[in-house]
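Report on one structure; see the data block that follows.
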Amino acid sequence: MLQPDRQKDADAYHALLARIRMSCGCAEADDETALPGEMEIQGLWHAGLLGNSGETLRHGCVRILDFGEWNRSVGPDFLRAEIEIDGIRHHGDIEIDPTAQDWERHGHGANPDYTNVVLHIVLRRPPDGWYTRDAQHRDIPILPIVPSQLQQALGVSRPIPRESVGLCRAPLNDMPVTAIEKLLQAAAAYRAQNKRRTFCCKQEALGADQAWFEAFAETLGYKINKLPMQMLARRAPLQRLKRHAEGILFGTAGFLYPMLPEQASPDARIYHRHVWDAWWPQREQFALEESRALPWRFAPLRPANHPQRRVAALALIATNWRHIQTRLTAEHAAELSKFLTGLQHPYWSTHCTLPSAELKKSVALIGPDRVKDFLVNHVYVQDEAPYAWQTYLAMRNRDIPQRVQLTAHHLFGERQDVLSLLPLMHVQQALLQIDADFCVRHSCSSCLFPEQLCQWH
C-alpha cells in the first residue's frame, strides 16, 4: 500500500483544483451555486458554517455575537440575537432568505412580527438600490453571504468554465495504476479535510457533544432523510433530552398521533402512550409550527429504514451517550461498532412504524453498514493519529454505490487494475469527490480534469 500522508495528499489535490481555476482565469467563486432550501440555510447559519461576520450593503461591517434562538413558530427565523455593526451593538431578530426579494414576496415588509429584525441575511446579492424595510419603514441592514462561503458550507466546489479538450478517459488510460492510486488517495484526503473543517465549525458553534450527535443523525438519515435528521438533532439538542429522549425526538419529528389507527396492535398502543406521556409536558418547548415542520421523505425506502426507526435509533444513542462519547476515536472503533450494532429496543427492534404489525424476527436498529459509514465519514476523518488514516485507507465495502460505479466507468472504462480498487472505501470517497468537482458540472467532452492529469506527480 502507498505510504499515507494525509495533509500532503490533500494539498496535492487542492493544488490540482487551483491549477485548473488559474488556467481558465477563474480565481474567485461566482454566484452560480444552486440555492438550498430555507431550512437547510437556517441550519448552516445556526451551525456557524456561513461565518460570523461580513460586510453589509450600506451599514458597514457586522459581527455576530449571538446567533439567536432558532424560532419554532411563525415570525423571523432567529429570535433575540445580538450583533455589532461598526462597533455599535444591536439586539433583535434575524431573518434569512435565499434572495432579498423574498422579504417582500413573503409579506414580511408589512408584517408587524418583523419589526424587531436587526439583520436580513441573503444568499444572493440583491439588485442595486434594493432596500429591506419593515412595517415602520426602517432600513434593515442586509448581509449577503459570499458565494465561496456558501459553496464551502454546502461542500460544493466552485464552478469552472471550460473549453472542449477531448474525452476525459484518454489521459487516464496512459497513467500507471500506482499514479492513479496516489491521485485517488489525494482526493480522499482532500474530502476528509473538508469534512473535518465542517465538523470543527460545528464544534465551535454548538459544542463537541452536539456536533457528534448531529453526525450520528446525519448517518442514520441515509441520503434521503439526511437533512431532516440533522434538523431534528438541532431542534432537539442532546443536552436538553436528558431522560425524555424518545418523547422529545418523536414529538419534535411530528411522528406522534393524537390516536393510533384502529389496526394498531395492543403493544403499539402501550408504547405510543408511554412516549406520548413523555412528550406532552415538553411539547411547548419543542413542538414545531406547521410551516417549520421537518421535510421527511417516506419513499423509496425499505420498511426497516422508515424514519420512525431512524428516530428510535437516535433516541437510543442519546440515552447511551455516556458510553458512546468515550469511543469516538479510531483506537476504539471496534468497541464503538460492537456497541452500536448491539443496541436493541423492546418495541423498535421488531416494528417498522408505530402502527405496523410485529416483525417475525428482530431487525438491527443500527446495522454494520451504517456504523461503517459513520466511521468513514466522521470518526476516522476527525482523528489526527497516523493509525486512524492508515486504518481508513485499508477499509473495504462490498456494496459499491451506483454513483461511484458510474464515475469509475466514465474515468477508467474497463481497466480492471483500477476497478479492482473500488471496494476500498477511501477510493469510493475519492470518486465521489472527483464526481462533485468535475463530472456533475460538465460533460466529459468539456472537462479540464484530464488535461491537468498530464502534470500529476
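The values are calculated or read from the model by the stated rules, or taken from the named source; none is laboratory data. Just so we're clear, the structure is a prediction, and the values are computed from it rather than from any experiment. We place every Cβ from the backbone using ideal geometry, glycine too, and count neighbours over all the protein chains shown.
Take the conditions (1) part of a helix (DSSP H, G or I); (2) out of contact with any Ser or Thr (no Cβ under 9 Å at 6 or more places or on another chain); (3) modelled with pLDDT under 90; GLY129 misses just one of them, which is (1).
Is it the case that some residue within the range 351-362 is within 30 Å of GLY247 (Cβ to Cβ) and either among the basic types (Lys, Arg) or not in a loop (DSSP other than H, G, I, E, B) (or both)? Scanning the range 351-362 turns up at least one residue that is within 30 Å of GLY247 (Cβ to Cβ) and either among the basic types (Lys, Arg) or not in a loop (DSSP other than H, G, I, E, B) (or both). For the range 208-227: of the residues being more than 20 Å from THR326 (Cβ to Cβ) and surrounded by fewer than 24 Cβ atoms within 10 Å (Cβ to Cβ), which is modelled with the lowest pLDDT? Top of the filtered list is LYS223.
With respect to the stated conditions, THR350 is over 24 Å from the mean Cα position of the chain (by Cα), in the same structural domain as ARG309 (by TED's automatic domain parsing) and either within 19 Å of ARG302 (Cβ to Cβ) or among the acidic types (Asp, Glu) (or both).
Please go through the range 386-407 and give me each residue that is of a type in the set (Gly, Ala, Ser) and in contact with a helix residue (DSSP H, G or I) (Cβ under 6 Å, 6 or more places away or on another chain), ordered by number. The one that is of a type in the set (Gly, Ala, Ser) and in contact with a helix residue (DSSP H, G or I) (Cβ under 6 Å, 6 or more places away or on another chain): ALA388. Scanning the range 328-346 for residues that are in contact (Cβ under 8 Å) with a residue 40 or more places away in the chain and buried (at least 18 other Cβ atoms within 10 Å of the Cβ) gives LEU328, ALA330, ALA333, LEU336.
Could you tell me which of the residues ALA211, ALA217 is of a type in the set (Gly, Ala, Ser), assigned to a helix (DSSP H, G or I), assigned by TED's automatic domain parsing to the domain that holds LEU294 and closer than 19 Å to PHE286 by Cβ? ALA217 is the lone residue from the list that is of a type in the set (Gly, Ala, Ser), assigned to a helix (DSSP H, G or I), assigned by TED's automatic domain parsing to the domain that holds LEU294 and closer than 19 Å to PHE286 by Cβ.
Mind checking whether some residue in the range 77-92 is modelled with pLDDT of 90 or more, touching a helix residue (DSSP H, G or I) at 6+ places or on another chain (Cβ under 8 Å) and not assigned by TED's automatic domain parsing to the domain that holds ALA192? Looking for residues that are modelled with pLDDT of 90 or more, touching a helix residue (DSSP H, G or I) at 6+ places or on another chain (Cβ under 8 Å) and not assigned by TED's automatic domain parsing to the domain that holds ALA192, one finds at least one in the range 77-92, hence yes. Reported count of residues in the range 191-207, each being surrounded by fewer than 18 Cβ atoms within 10 Å (Cβ to Cβ), assigned to a helix (DSSP H, G or I) and among the small types (Gly, Ala, Ser), is 1.
Residue-by-condition table, conditions (1) touching a Pro at 6+ places or on another chain (Cβ under 8 Å); (2) small (Gly, Ala, Ser); (3) in contact (Cβ under 8 Å) with a residue 24 or more places away in the chain; (4) farther than 16 Å from THR319 by Cα:
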site: GLY221; (1), (2), (3), (4): yes, yes, yes, yes
site: MET231; (1), (2), (3), (4): no, no, yes, yes
site: LEU238; (1), (2), (3), (4): no, no, yes, no
site: LEU249; (1), (2), (3), (4): no, no, yes, no
site: GLY254; (1), (2), (3), (4): no, yes, yes, yes
site: GLU262; (1), (2), (3), (4): no, no, no, yes
site: PRO266; (1), (2), (3), (4): no, no, no, yes
site: HIS272; (1), (2), (3), (4): no, no, yes, yes
site: ASP277; (1), (2), (3), (4): no, no, yes, yes
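Of all positions in the range 415-436, none carries a residue that is in the same structural domain as ARG273 (by TED's automatic domain parsing), at pLDDT 90 or above, crowded, with 20+ Cβ neighbours inside 10 Å and touching a His at 6+ places or on another chain (Cβ under 7 Å). At least 2 residues being out of contact with any Gly (no Cβ under 7 Å at 6 or more places or on another chain) and surrounded by 12 or more Cβ atoms within 10 Å (Cβ to Cβ) is the threshold, and among the helices (runs of 4 or more DSSP H) wholly inside the range 251-324 those reaching it are 266-279, 307-319, 321-324. Within the range 1-50, restricting attention to residues that are part of a helix (DSSP H, G or I) and hydroxyl-bearing (Ser, Thr, Tyr), the residue that is modelled with the lowest pLDDT is SER23. Please count how many residues of the range 49-76 are within 15 Å of VAL122 (Cβ to Cβ) and either under 20 Å from the mean Cα position of the chain (by Cα) or not assigned by TED's automatic domain parsing to the domain that holds PRO147 (or both). Total meeting the criteria: 2. With respect to the conditions (1) of a type in the set (S, T, N, Q); (2) more than 20 Å from ALA233 (Cα to Cα); (3) over 26 Å from the mean Cα position of the chain (by Cα), THR341 lacks only one, and its number is (3).
Please pick out the residue among ALA268, ALA304, ALA318 that is touching a Phe, Trp or Tyr at 6+ places or on another chain (Cβ under 8 Å), among the small types (Gly, Ala, Ser), at pLDDT below 95 and farther than 21 Å from ASN71 by Cα. Exactly one residue qualifies, and that residue is ALA268.
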